[in-house]
């Protein structure tokens, strides 16, 4: 019987992507930025779709339905109603956005069809184009690939069509949205407003704000609660929009917001970060965590579910995720590794497959813990392709057998080298999970600063994540569950902490100079770490490298950071990896079983 294919598309806002399901199984999911090399590329995912079709030896005619991740007409309705509600404020913004909507976005079905015809001129079935709702797509991306048969679902982001926060419930193949909070009231946009105010890019720099927060103290928390947001006991909330400009303007915040925070705005590109700015970051991070915990406690009361699934851009706030775990509100939580808009293409497919076609969920395969296949869903390159590329570019290399590869690479790491580690299928989502990674020794006191400044070319305060052998996790971290997607934060165990008094008495970025634990390069200044647990099923090569390093050092932990430099996407293909290797201080490049040294 012919396999039924569904193609999902997310684009035209930020971080566009495409996904392919085959009889409900996730076959591929990729982000357009990886091909175009434009970070957070929002354009139609032409390259992503071409890759998917080529990889699976199919044409657009073989696709049974093509599902867009949101509904443009509902979004247009929100735009009109918002501008009417705030009029005459924002008239300039209204005039600039309406022509784009009238020319393109209101006719998005035709626009999508035209883009698909550019890929395959023989594609002529516009009826195959379907539309999902934005938050339904997020919720579906969270629940259906999860290991749970029944679960509550929390989606938090900036805004979809109208919804900014939704609570849903999944049972078997059925998913229902139960409650929602609508624009302009949004946790995601509140957090993005502070991201903007503190000099980072919206929809890109939120994780920098999260990394900055532990350097400060929540001294502005009361100001936020007293002025910006009204939160009820059940976690529902309302923002005072007189402080914000995002509903109708071209900025996130206004002069009233700036006055409230004593003119502490940091301009984009300013290299200096003040103590007050650190305190503002700490304050909004803590407020965000407290709102999310209130919502989660209410979900538990209302649904009685022991499981929780998370998606939406706010679900990438792994510190908040760690607090949910620590509070033990639910027995189990599962977070979509591509929680942002990129995951919308996947969720749109899954929502259509189960809600519209009423299809059963496929059984988990290959002993994976869920149906995401480790989120390793992109392009891969075999030995012949790698060797051909290296010879074509006159690169000196050694091809090693598996045993020699792990022995040599682990020794390089012990000797303080930074390794570009390029293996297997590319990751889907914002985290490098060990296939497009830079790997180094977590025991080094200097490695965090060296990697930030000499390899990644980014802010020195940014923390690095540890990869840890799954079976050794509890020896180092206060967590009783796995974290394969680097989306949960846990504290370093007290027995591994060093120089606690010195760290407590030191302020600001001077805390970077304190050796805080036995693995200082992955221990943040508050003794937290965004951990990734690695097992032999979901990433056997990375697990073996970790295990070889552990046998030599008695340390089961390495640094894992994404294989890219600041403001560039994670590398996708061999050429990307080689170019990044050449223009950074990465010492050794490993492509499959091929090793290249500087």
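The values are calculated or read from the model by the stated rules, or taken from the named source; none is laboratory data. All values derive from a computational prediction rather than experimental measurement. Because the Cβ atoms are built from the backbone with ideal geometry, glycine has one as well, and the counts that use them run over all protein chains shown.
Only one of the numbered conditions (1) in contact (Cβ under 8 Å) with a residue 24 or more places away in the chain; (2) part of a loop (DSSP other than H, G, I, E, B); (3) over 21 Å from the mean Cα position of the chain (by Cα) is not met by residue 379, and that is (3). Looking only at the stretch 12-27, residues that are surrounded by fewer than 21 Cβ atoms within 10 Å (Cβ to Cβ), touching a strand residue (DSSP E or B) at 6+ places or on another chain (Cβ under 9 Å) and part of a strand (DSSP E or B) come to 2 in all.
The condition of being at pLDDT 95 or above, in the same structural domain as residue 567 (by TED's automatic domain parsing) and under 24 Å from residue 518 (Cα atoms) holds for only one of 454, 446, 417, that being 417.
Give me a count of the residues in the stretch 386-397 that are touching a residue at least 60 places away in the same chain (Cβ under 8 Å) and surrounded by 10 or more Cβ atoms within 10 Å (Cβ to Cβ). Residues flagged as touching a residue at least 60 places away in the same chain (Cβ under 8 Å) and surrounded by 10 or more Cβ atoms within 10 Å (Cβ to Cβ) within the stretch 386-397 amount to 7.
To keep it simple, each residue is scored yes or no on (1) in contact with a helix residue (DSSP H, G or I) (Cβ under 6 Å, 6 or more places away or on another chain); (2) outside any helix (DSSP H, G or I); (3) assigned by TED's automatic domain parsing to the domain that holds residue 215; (4) at pLDDT 95 or above.
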| position | (1), (2), (3), (4) |
| --- | --- |
| 257 | yes, no, yes, yes |
| 276 | no, no, yes, yes |
| 288 | yes, no, yes, yes |
| 300 | no, no, yes, yes |
| 308 | no, yes, yes, yes |
| 314 | yes, no, yes, yes |
| 324 | yes, no, yes, yes |
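Condition first: part of a helix (DSSP H, G or I) and in contact (Cβ under 8 Å) with a residue 12 or more places away in the chain. Can you find one or more residues in the stretch 235-242 that meet it?
Yes, there is a match, as at least one residue in the stretch 235-242 is part of a helix (DSSP H, G or I) and in contact (Cβ under 8 Å) with a residue 12 or more places away in the chain.
For the stretch 50-74, how many residues meet the condition of being under 27 Å from the mean Cα position of the chain (by Cα), part of a helix (DSSP H, G or I) and in contact (Cβ under 8 Å) with a residue 40 or more places away in the chain? Counting residues in the stretch 50-74 that are under 27 Å from the mean Cα position of the chain (by Cα), part of a helix (DSSP H, G or I) and in contact (Cβ under 8 Å) with a residue 40 or more places away in the chain gives 7.
Each residue in the stretch 29-53 was checked for being under 19 Å from residue 432 (Cα atoms) and either at pLDDT below 95 or surrounded by fewer than 24 Cβ atoms within 10 Å (Cβ to Cβ) (or both), and 7 of them qualify. Criterion applied to 47, 28 was being without any contact (Cβ under 8 Å) to a residue 24 or more places away in the chain and under 15 Å from residue 426 (Cα atoms), and the one residue passing it is 47. Looking only at residues in the stretch 143-164 that are part of a loop (DSSP other than H, G, I, E, B) and in contact with a helix residue (DSSP H, G or I) (Cβ under 6 Å, 6 or more places away or on another chain), the one that is nearest to residue 324 (Cα to Cα) is 157. Counting the residues of the stretch 202-234 that are in a helix (DSSP H, G or I), touching a strand residue (DSSP E or B) at 6+ places or on another chain (Cβ under 8 Å) and surrounded by fewer than 16 Cβ atoms within 10 Å (Cβ to Cβ) gives 1. The set of residues in the stretch 326-352 that are assigned to a helix (DSSP H, G or I) and under 18 Å from the mean Cα position of the chain (by Cα) comprises 341, 342, 343, 344, 345, 346, 347, 348.
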